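Please treat every number below as a calculation from the coordinates, not as lab data. Everything numeric in this text was worked out from a predicted model, so none of it was measured. So basically every Cβ, Gly included, is an ideal-geometry build from the backbone, and we count neighbours across all protein chains shown.
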Amino acid sequence: METKQKVTSKNLILKILIHLFLLSLVGFIFLPMLWLILNSLKTNNELFANSLALPEVWQFHNYVIAWSKGLFAYFKNSVIVSAIALSFILLFSSFFAYGLTRFKLKGSNLIFFVVLGGMALSEQVALVPLYKILQTLHLYNTYLALILPYIAFRIPFTAFLLRSYFISIPKELEEAAVIDGYNSLQIFTKIIVPISKPVLSSCAIVNLNFVWNEFLFANVFLESKSIMTIPIGLMSFKGDMKADYTVMLAGIAVASIPLIALFICMQKQFVRGLTAGAVKG
Amino acid sequence: MKKKKLTPYLYVLPGLLMVLSFVYIPVVANFFYSFFRLSSYSVDKKFVGFDNFVRLFTNEAFPIMIRNNLYYCIISLIVQVGFGTFVALMLESKLTGRLRNFYRNVYFIPALISLSAVGLLFTFVYSPDLGLINNFLESIGLEQYTQVWLGDSKLAIFCIIAMSQWQFTGYITLLMVVAIQSVSTDYLEAAKIDGAGPIRTAVNIIIPLAKEQLLVCSIITIIGAFKVFTEVYSTTSGGPGKSSQVLGTYLYQNAFLHDDMGMAAATGVLIFIITVTVSIIQIKVTKSGEV
């Protein structure tokens, strides 16, 4: 009895220590973010006086200024680029995985290997030639200059994830559909896609995290402010705001909110997509 | 009949064509470009053999870049993979209870913020006059430890690396948590019956069984360290001087500031060789069943 009590009290101390440690990490993660939000609600004078002090009056209109002085336009561009890129990433990848898993294709191993190999190729290596190609195609500084490379660079990962899921779908389902006179496209839209909704949503959210935050291509392939996406918009915002630091900080906060909110709502899909991709990536 | 045989290819074709035209063709073209002197505004190019590579390897910035990329790699392996796995083991121990998902999700949040937003935020955090760190040090009476951080050529790269650890350690923790969760409870029960404590269970049972994920996390981290660009670009652009220069920023600056696209392509070839070699090692090790 006594030893058991000893064990539990030892356990309790260990538990408290672990929680203290993990909570200090929470503090470490939140500290820069809270400091950002605190200072985004101050005047510039207050920020310069002491960045750790509370504001006298909370300056919520910093957010209104940030939004109206450019962020709104960058947001709109990000939504357009992400929506189009995401739709085509999912469409092409699921078609690809469907074709590969449901038909006997000549050279299907080679085709799969080629597309899968795309995962090992990084954006930096393609940067200079892509810039030249996009100029030649007169796509430089258009939405398509981002959308096309985004689609191409995300297909390997997405197709790989979908392929391993499609393989696990039992063939009997389709055999019944063939007897009912479905053609292959109907089987795809009426059987495969509905069954695959969970994995498709995982793919969507992980790809959105990439597309929404992508910087390298956006920085090189776009020139006009009017079509910039948020990550580079923020950099040009910095130039426009010059000494208006608190509005700049509000802008950083606004730019970061959408994906964090989405993560809180869709954790399950997020975690599944990230881990499935990483295990085999 | 002929139409039927073609249909399956129509499903595969759009994806294949996209990857070939916007991933493979540019990567192959990059190899080609690395042997030429070329500028962004004209179509003229002049064959220069290995000159771009010679200029790259003999450039005074080259050892600095390689050193910085290696620092990035080693510190990220220690902190993100090492410490991140340690945190994951702690989260999955029986002692964290209901809060474990809360912790895991909080640690992951920075990975959702765009690199440039994090870079801008940390230029403020590190700012000498109004930054979080110096203001904090002053408020607790440690003025003598205040620094110019990103403005100090010895410290700049480490400040940027520290920022990356803040952003991505939780990502590796998340990946490792899922791997640890997939370890069969039978093994854990058996260890418990044998009287193994939490540390022995972690070292002898969990780590060996989660080895594959650990390898994948290390590979992602190594590749990421040699591809790093936005983190440096949005904070110091490689400065002060060349002190925080990395391969990614060097490539960018040669291509789009110094109009030396051949040199940029040669840097791209080097990044390609490093990242693809690491990927091949991963495939080899995974396939041979050593992991």
What 222 nm value per residue comes from the helices of chain A, counting each DSSP H run with n ≥ 4 as -39,500 (n - 2.57) and dividing by all residues, nearest 500 deg cm²/dmol?
-> -25000 deg cm²/dmol
Taking each full run of DSSP H in chain A as one helix, which ones are at least 30 Å long along their axis (Cα atoms) and have mean Kyte-Doolittle hydropathy of at least 1.0?
-> A:2-40, A:72-102, A:143-167, A:245-265
Report the residue, chosen from B:Leu142, B:Leu247, B:Leu214, that carries the largest GNM mean-square fluctuation when chain B is represented by alpha-carbon nodes joined by springs under 10 Å.
-> B:Leu142
Please give the net charge around A:Ile65, taking every other residue with its beta carbon less than 14 angstrom from that of A:Ile65, where Lys and Arg add +1 and Asp and Glu add -1.
-> +1
Added length on full extension, which subtracts the Cα-Cα distance from 0.36 nm per residue, B:Ile199 to B:Ser153 = 12.5 nm
Pairwise label distance in nanometres, B:Thr146 with A:Thr136, each label 7 Å out on the Cα-Cβ vector | 5.5 nm
Reachable lysines from B:Lys5, Cα under 23 Å, same-chain residues fewer than 8 places away excluded?
-> A:Lys104, A:Lys106, A:Lys171, A:Lys190
Compute the normalised compactness of the range A:1-73: alpha-carbon radius of gyration over 2.2 N^0.38 Å, N being the residue count.
-> 1.95
Amide hydrogen neighbours beyond the local backbone of A:Gln59, cut-off 5 Å, H modeled | A:Lys42
How big, in percent, is the set of alpha carbon pairs in chain B lying more than 33 Å apart?
-> 41 percent
Of B:5-17, B:249-261, ordering from highest average Cβ density within 10 Å down gives B:249-261, B:5-17
Cross-link list A:Lys42/B:Lys242; A:Lys69/B:Lys242; A:Lys132/B:Lys227; A:Lys225/A:Lys268; A:Lys76/A:Lys238: which exceed 26 angstrom alpha carbon to alpha carbon?
-> A:Lys42/B:Lys242; A:Lys69/B:Lys242; A:Lys225/A:Lys268
Could you check which residue among A:Ile155, A:Ile260, A:Ile13 shows the biggest mean-square fluctuation in a GNM of chain A with a 10 Å Cα cutoff?
-> A:Ile13
If the cut-off is a Cα-Cα distance under 15 Å, which aspartates and glutamates reach B:Lys211, setting aside same-chain residues fewer than 8 apart in sequence?
-> B:Glu290
Per-peptide average of other Cβ atoms within 10 Å, ordering B:28-38, B:144-154 highest first | B:28-38, B:144-154
Per the Cα gyration tensor, chain A corresponds to an equivalent ellipsoid with semi-axes, largest first in Å, of 41, 33, 16
Normalising by the residue count of chain B, find the relative contact order in percent from Cα pairs under 8 Å and 6+ residues apart.
-> 29 percent
Does the range A:123-281 classify as rounded, prolate or oblate by the C-alpha gyration tensor (a ≥ b ≥ c root eigenvalues; a/c under 1.5 gives rounded; else a/b over b/c gives prolate, otherwise oblate)?
-> prolate
So what's the range A:56-146 giving for Rg/Rh, alpha carbon basis, Kirkwood Rh from the mean inverse pair distance?
-> 1.19
Can you work out D for the protein assembly as shown in µm² s⁻¹ from Stokes-Einstein, where Rh is the Kirkwood radius over C-alpha pairs, the temperature is 4 °C and the viscosity is 1.567 mPa s?
-> 50 µm²/s
Cα extents of the range A:33-190 along the three principal axes, largest first (Å) = 74, 40, 25
Mind ranking B:18-25, B:56-63, A:146-153 by how tightly packed they are, going by the mean number of other C-beta atoms within 10 angstrom, highest first?
-> A:146-153, B:18-25, B:56-63
